[in-house]
1. Can you tell me what percent of all Cα-Cα pairs in the chain are more than 18 Å apart?
2. Tell me which trypsin sites (Lys or Arg not before Pro) from the stretch 3-50 have a DSSP coil assignment and no more than 14 other beta carbons within 10 Å of their own.
3. Run the numbers on the chain and let me know its relative contact order in percent, using alpha-carbon pairs under 8 Å that are six or more apart.
4. Express the accessible area of the chain per residue in Å², computed with a 1.4 Å probe while the remaining protein chains stay in the model.
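The values are calculated or read from the model by the stated rules, or taken from the named source; none is laboratory data. Since the model is a prediction, treat every value here as computed from it, not as a measurement. For neighbour counting, all protein chains shown are included, and Cβ atoms are generated from backbone atoms with ideal geometry for every residue, glycine included. Quick note on the areas: whole protein, heavy atoms, side chains included, nothing else; ligands and nucleic acids left out. Shrake-Rupley method; radii C 1.70, N 1.55, O 1.52, S 1.80 Å.
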Amino acid sequence: MQKTRSKELAEEYLRLGGKRLAKIDDNIVKIRHWDYDTPEAEAFWQKHIEPLDDKRRVEVETHLPTINDR
């Protein structure tokens, strides 16, 4: 099975030590960020995920662990 680009971005962010969590409620996706990312994960987020348009960024965010997973 082939991975989507959004899934690949989310996995790489997490592999680098990303700590952001998704909050999905009534199909509205928001990010929670209580713990600090590693410098590598933060740089990756800023370079590859933050610049995406809203729709594409939400696609990435839905592949992150959710606050319910904590």
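1. Values: 761 of 2415 pairs.
I get 32 percent for the Cα pairs in the chain exceeding 18 Å.
2. On the way: sites: LYS3, ARG5, LYS7, ARG15, LYS19, ARG20, LYS23, LYS30, ARG32, LYS47; in loops: LYS3, LYS19, ARG20.
Within the stretch 3-50, the qualifying trypsin sites (Lys or Arg not before Pro) (loop, at most 14 other Cβ atoms within 10 Å) are LYS3.
3. Details: 82 pairs, mean separation 30.0, N = 70.
This gives 43 percent for the chain.
4. Numbers: 5080 Å² over 70 residues.
That works out to 73 Å² per residue.
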